[in-house]
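The numbers here are math on the coordinates, done by the rules we state, and not lab data. Owing to the predicted nature of the structure, the values given are computational and were not obtained by experimental measurement. No Cβ is skipped: glycine too gets one built from the backbone with ideal geometry, and neighbour counts run over all protein chains shown.
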């Protein structure tokens, strides 16, 4: 097993993980799988990792820009 950075080239596998999470109804607040551009602009570039075994992505981890849209009252 090895950790690899998530890039546009392997984002299709991340998107599939999103799709499966959305299908559960409990894994994400999103209603649709984001495009690469949407995903790329909302995640920190230095904190995008995926765990691979052979050529299969087993899982991924990332850090969001949550404060970007936060409103303080």
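Side notes on the structure shown:
- Fewest neighbouring Cβ atoms within 10 Å first, the residues 3, 52, 29 line up as 29, 3, 52.
- Taking all Cα pairs closer than 8 Å and separated by 6 or more residues, the relative contact order of the chain comes to 34 percent.
- Listed by Cβ neighbour count within 10 Å, with the fewest neighbours leading, 48, 19 appear as 19, 48.
- Ranking of 14, 33 by count of other Cβ atoms within 10 Å, fewest first: 33, 14
- Between the Cα long axis of helix 11-24 and the first principal axis of the chain there is an angle of about 60°, rounded to the nearest 10.
- Rounded FRET efficiency, nearest 0.05, which uses the C-beta distance separating residue 2 from residue 37 and R0 of 30 Å: 0.65
- Projected-area average for segment 2-69 over all orientations - Cα convex hull basis, square nanometres: 4.7
- Within a Gaussian network of the chain (alpha carbon springs, distance under 10 Å), most fluctuating of 15, 45, 54: 54
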